[in-house]
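Note sheet for the following structure.
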Amino acid sequence: MIARHWRGWTRPDSADAYEALLNKKVLPELRKIEGYKGGYIFRCDGTDEVEFVVVNFFESIAAVERFAGPSYTVPVLDPEAKALLSRVEPIARHYEVRAETKR
């Protein structure tokens, strides 16, 4: 399994709108991709900006490419999301999941 990790930041007044967009539009679209295995959105509210960390899981790099294309390290940004973000991490990182724990 592959974990795709990416970070983006918003101004505090855009954070709720960005989070809602991720939950209502972006994640439902990801669920339609063959090989998508789920993901997490992490949020850290700061005084001047809000950081979002998005980790999505895919069964393989081929599944990541179905989502992001052949240049899969380039972040995929919905136009609405792009308008809400104040800055972005320029690459998405990919990790091979080597262990998993469950309760």
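The values are calculated or read from the model by the stated rules, or taken from the named source; none is laboratory data. None of these values were measured; they are calculated from a predicted model. Heads up, the Cβs are rebuilt from the backbone with ideal geometry, glycines too, and the neighbour counts pull from every protein chain shown.
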Check your understanding: Among the listed residues THR10, THR101, which satisfies the condition of being at pLDDT below 95 and among the polar types (S, T, N, Q)?
Key -> THR101
Review point. Quick one: in region 48-63, which of the residues that are closer than 23 Å to GLU19 by Cβ and not acidic (Asp, Glu) is nearest to the chain's Cα centre (by Cα)?
Key: VAL54
Exercise for review: Examine region 67-79 for a residue that is in a helix (DSSP H, G or I) and in contact (Cβ under 8 Å) with a residue 24 or more places away in the chain, and state whether such a residue exists.
Suggested key: yes
**Study point:** Tally of residues being within 10 Å of the chain's Cα centre (by Cα) and either of a type in the set (Ser, Thr, Tyr) or closer than 14 Å to THR73 by Cα (or both) across region 4-20
**Key:** 4
Review point. Taking the stated definitions as given, is ALA63 modelled with pLDDT of 95 or more, surrounded by 15 or more Cβ atoms within 10 Å (Cβ to Cβ) and part of a strand (DSSP E or B)?
Key: no
Revision key, fill the gap. With criteria (1) touching a Lys or Arg at 6+ places or on another chain (Cβ under 8 Å); (2) surrounded by fewer than 15 Cβ atoms within 10 Å (Cβ to Cβ); (3) of a type in the set (Gly, Ala, Ser), GLY35 comes up short on (2)
Exercise for review: Kindly indicate the residue of region 66-86 that is of a type in the set (D, E, K, R) and surrounded by 12 or more Cβ atoms within 10 Å (Cβ to Cβ) and also farthest from ASP16 (Cα to Cα) among those meeting that condition.
Suggested key: ARG66
Exercise for review: Any chance you could count how many residues in region 64-103 are over 12 Å from the mean Cα position of the chain (by Cα) and of a type outside the set (Val, Ile, Thr)?
Suggested key: 22
